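To start, the structure under review is shown below, and the notes come after it.
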Amino acid sequence: MPWAEASVVSLREEFVALATQEGANVRALCKRFEISPTTGYKYLARYAAEGAAGLADRSRRPLAQPTRCAKAVEDRVVALRDRHPAWGGRKLKRVLENAGEAAPAASTVTAILRRHDRLDPAEAAKHTAWQRFEHPAPNLLWQMDFKGHVPLARGRCHPLTILDDHSRFALAVACCLDEEGATVRQHLTAVFRRYGLPLRLLADNGSPWSAAGQPWTPLTVWLLRLGVTVAHGRPSHPQTQGKDERFHRTLKAEALRDWACVDLAAAQRRCDRFRADYNLVRPHEGIGMATPASRYAPSPRPFPEQLPALEYAPGDLVRKVQDKGEIWVRGRPYRVGAAFRGESIALRPTADGTIWDVHYAHHRITTLDLACPCR
């Protein structure tokens with residue numbers, strides 16, 4: 001049993017004084033002081049070796065911790081965390097393994113971070129698991145959006161992000177001066193030249209991907225001409241582009257933190273470093289702790305330097321879209337959309353005699369009821 005409460009040290013001194021008397025019965029005294037013989041003989045030995053100082057309280061911390069990581073491992077974990085302040089235990093463990101280094105369990109890495117004050121409990125509470133649909137192969141769908149805008153010493157930067165749905169590979173983190181369609185087209189052209197064309201591209205309902213409630217803009221018409229289907233997320237429902245939204249959170253934590261870029265060139269250099277780390281080094285929990293680059297392959301569909309010619313079937317009713325976004329059929333105007341002005345579109349009848357499908361290149365863009373012309 002433990003020592004009774006009440007000046008524990010004085011009780012030890014009293015026990016030792018009695019136990020060291022000639023003819024003392026040590027075991028009987030242990031019973032009276034409600035301690036085990038082992039404890040009693042321990043304090044007698046300490047008193048004999050150190051005098052009264054041997055009866056003071058001592059730390060119960062073990063002299064050795066065989067299960068604790070070596071200092072070199074802890075130092076390596078902390079250094080890696082300091083380089084990547086947003087990476088947690090699982091990511092750091094995988095990075096160490098990928099580098100061929102000794103890697104403790106993820107929970108141990110987390111304990112090291114906590115021990116060295118590298119964890120913010122409030123920030124950790126924000127991170128919750130998501131369940132998302134994933135396309136089965138690269139380039140079946142790319143997600144694209146702007147990450148708001150951030151200040152520069154001179155002007156503002158609008159980061160444009162393009163992400164492959166299957167691999168989470170960041171195809172671009174482009175620092176733009178604006179969010180205009182011509183700017184996006186310029187960066188998309190560079191991406192298409194390097195990685196080829198995706199089958200579909202998902203964007204939100206804002207500019208430059210839609211305008212005034214209309215799903216088509218000069219930018220999306222250009223994409224259709226290239227053979228890229230354009231899809232839009234549900235209004236006020238950012239979860240549709242959940243992977244890109246999550247990527248933006250990572251971009252903010254790892255590249256935009258402590259942002260102090262002088263101009264667009266400096267901002268682009270910083271985002272380029274982040275993109276390389278994200279694609280090649282950073283393990284991604286959404287893909288089994290693999291790196292995005294390990295799951296990505298360029299598209300087999302090359303970017304055509306000249307837009308392919310528009311070709312329609314012999315039975316199609318082909319019309320040229322006028323300046324106001326209208327076509328004329330049977331002497332009546334029908335609105336198709338100003339984004340198609342100057343382009344040729346094709347009308348194909350459906351089973352209903354008055355409803356016609358409207359096609360641009362290989363894409364059905366809308367339907368027209370020839371019984372209800374626009375004025």
* Structure fact -> Residue separation between Gln214 and Arg364 times 0.36 nm, minus their alpha-carbon distance, gives in nm 52.5 nm
* Asked: Which of the peptides 39-49, 168-178 is most tightly packed, and how do the rest follow, going by the mean number of other Cβ atoms within 10 Å of each residue?
  -> 168-178, 39-49
* To do: Divide by every residue of the chain the summed helix terms, -39500 (n - 2.57) for each DSSP H run of at least 4, and state the resulting mean residue ellipticity at 222 nm, rounded to the nearest 500 deg cm²/dmol.
  => -10000 deg cm²/dmol
* Which residues' amide hydrogens lie under 5 Å from the amide hydrogen of Val318, considering only partners 5 or more residues apart or on another chain, with H built in the peptide plane? -> Leu347
* **Unit charges at the beta carbon, dipole of the chain: most positive-side option, Ala24, Ile355, His284** => Ala24
* To do: Give the Kirkwood hydrodynamic radius (Å, one decimal) of the stretch 317-369, defined as one over the mean of 1/r across all pairs of different Cα atoms.
  => 11.0 Å
* For the stretch 179-185, take each phi angle, set θ = phi - 60°, evaluate the Karplus expression 6.51 cos²θ - 1.76 cosθ + 1.60, and give the result in whole Hz per residue in order, putting x for glycine and proline. => 10, 7, x, 5, 5, 5, 4
* Rank by packing, highest mean first: peptides 8-16, 90-98, with packing defined as the count of other Cβ atoms within 10 Å averaged across residues. => 90-98, 8-16
* Quick one: helix 242-254 against the long Cα principal axis of the chain, what's the angle to the nearest 10°, folded into 0 to 90? -> 50 degrees
* Convex hull volume per residue in cubic angstrom - Cα atoms of the chain -> 239 Å³
* Length gain on complete extension for the stretch Ala102 to Asp272, per 0.36 nm per residue less the alpha carbon to alpha carbon distance? -> 58.3 nm
* **Listed peptides 155-166, 323-334 by packing density, highest first (mean Cβ within 10 Å)** => 155-166, 323-334
* To do: Multiply the residue gap between Val262 and Val281 by 0.36 nm, knock off their C-alpha separation, and tell me the result in nm, one decimal place.
  => 4.1 nm
* Give the relative contact order (percent, whole number) for the chain; include only Cα pairs under 8 Å separated by 6+ residues. => 12 percent
* **In nm, spacing of pseudo-spin labels at Ala70 and Thr354 (7 Å Cα→C-beta vector)** => 8.3 nm
* Structure fact -> DSSP beta bridges in the stretch 317-369: the antiparallel percent, rounded to 5, is 100 percent
* Structure fact -> HN-Hα couplings for the stretch 309-322 via Karplus (6.51, -1.76, 1.60; θ = phi - 60°), in whole Hz with x for Gly/Pro, come out as 5, 7, 10, 10, 5, x, x, 6, 8, 9, 9, 9, 6, 7
* Asked: In which sequence would Tyr312, Tyr360 go, from the one with the fewest C-beta neighbours within 10 Å to the one with the most?
  -> Tyr312, Tyr360
* If you wrap a convex hull around the Cα atoms of the stretch 284-375, how much volume per residue is inside, in Å³? -> 190 Å³
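Here, each number is a calculation from the coordinates, and none is a lab measurement. Everything quoted here is computed from the prediction, not taken from an experiment. Note that we place each Cβ from the backbone using ideal geometry, even for glycine, and neighbour counts take in every protein chain shown.
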